[in-house]
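Note sheet for the following structure.
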Amino acid sequence: MILKGKRAIVTGSNSGIGLGVAEELAKAGASVIINSFTDREEDHALAARIAADHGVEVRYIAADMSKGEDCRALVEKAGGCDILVNNAGIQHVAPVEEFPVDKWNAIIAINLSSAFHTSAAALPGMRAKGWGRIVNIASAHGLTASPFKSAYVAAKHGVVGFSKTVALETAGAGITCNAVCPGYVLTPLVEAQIPDQMKVHNMDRETVIKQVMLQRQPSGQFATVEQLGGTVVFLCSPAADQITGTAISVDGGWTAL
Ligand code: NAD
């Protein structure tokens, strides 16, 4: 229970990587605030289920990470936090000339600017305690690019740069800030794309996974949400006290190519 007594906020955590991170933090003893913009009964039920499974306090707080004031209100409603995991993110795929302006703005707001707003709101409390951990879930696309993902790649590169700046501003204050860069992770979002890809390429599930989805991931394997959660827990552990301003790849070798 290395994180007993710590309060963590994980943005965008009612599904996928955020949920995996919230579960691993709860397993390590942290009390956790899970978030999405949806505010459904099942979101609150999810918080109750994680609390019961791990014997820690878990609360659901609705906030729309596309809105700066909601991001700051999330931190305020939580009563501040010791651990902030900026995970909420969306994707849209289109050539630059056809990229819808509203999609560009939404991706920059949710994937990048939200981390600025939540960090700005959380840092005063962390400084007062002399301890804090900010972990920004970036992507292999924070370090390398793919065509048709201009907004996503720009936002994720921005997240890596933002993490370095926060790390420098907080160095020596007991606070660390790092980016985690996943390759492909089999989340519900990615899982939902497999049937379409099977149809488009006329391939079976295994062939789509190996030859289409994991083509750039040398391990040929997805990273898991548990591995992402474990990486975040490690970054919150004493072993990582001097790890700050880094971008840690969990990508099966993608960015080594
Ligand atoms: P997901 O769709 O399963 O989860 C996204 C989460 O963000 C959900 O909980 C959703 O409710 C939340 N969200 C979306 N818009 C929001 C908003 N406006 N306000 C609040 N919450 C909002 O996707 P995922 O695959 O788990 O992705 C999580 C993060 O990991 C994203 O930042 C994504 O870019 C990053 N990532 C994912 C992969 C992958 O292969 N799955 C790879 C690299 C990086």
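Considered as a group, the residues in the stretch 1-19 that are of a type in the set (G, A, S) and surrounded by 24 or more Cβ atoms within 10 Å (Cβ to Cβ) include one that is farthest from F234 (Cα to Cα), and that residue is G12. For G29, are the conditions met, namely being of a type in the set (G, A, S), at positive phi and modelled with pLDDT of 95 or more? Here the answer is yes, as G29 does meet what is asked. Do we find a residue being within 15 Å of the ligand (Cβ to nearest atom), among the aliphatic types (A, V, I, L, M) and part of a loop (DSSP other than H, G, I, E, B) anywhere in the stretch 48-58? No, that holds for no residue.
Here A128 meets each of (1) among the aliphatic types (A, V, I, L, M); (2) in contact (Cβ under 8 Å) with a residue 24 or more places away in the chain; (3) surrounded by fewer than 22 Cβ atoms within 10 Å (Cβ to Cβ) with one exception, condition (2).
The values are calculated or read from the model by the stated rules, or taken from the named source; none is laboratory data. A quick note: this is a predicted structure, and the numbers were derived from the prediction, not measured. For neighbour counting, all protein chains shown are included, and Cβ atoms are generated from backbone atoms with ideal geometry for every residue, glycine included.
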